[in-house]
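Participant: Take this structure, written in structure tokens, and hold onto it; I'll ask about it next.
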Amino acid sequence: MTKTILVAVLSVCLSFAAGVAVADRVHDWHDLEGVQKHVREAIHEMDKARAANHYDMAGHGAKAEEHLHAAEQELHEAIEAIRAH
């Protein structure tokens, strides 16, 4: 069951990343706020999956969470840059 949760969470994250890569042009910062919301949801799901597994998945869970936090920070900075523009 725990591997199933991990696979599901990672699939959602990869699907999200692929969607961002092929998404339409961003029209304003509200679009990026929606993306940032999804990244925060992915972080929350990753936290739940890691807690349910009671182990670090050979370091991959921590690395995935690290990347999600970095993506959230980059989106925050992009939103601030668009607002300042």
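Participant: Determine which member of the set R25, R83, R50, R40 is basic (K, R) and modelled with pLDDT under 65.
Facilitator: R25
Participant: Mind checking which pairs have a first residue in segment 45-59 that is farther than 12 Å from V9 by Cβ and open to solvent by 80 Å² or more (accessible area, probe 1.4 Å) and a second that is modelled with pLDDT of 75 or more and small (G, A, S), Cβ under 9 Å, 6 or more apart or different chains?
Facilitator: So the pair list comes out as Y55/G61.
The values are calculated or read from the model by the stated rules, or taken from the named source; none is laboratory data. Keep in mind that this is a model prediction, so the values were computed, not measured. Reconstructed Cβ throughout: ideal geometry from the backbone, glycine too, with neighbour counts over all protein chains shown. Ligands, DNA and RNA are excluded from the accessible area calculation, which covers all protein heavy atoms including side chains. Shrake-Rupley method; radii C 1.70, N 1.55, O 1.52, S 1.80 Å.
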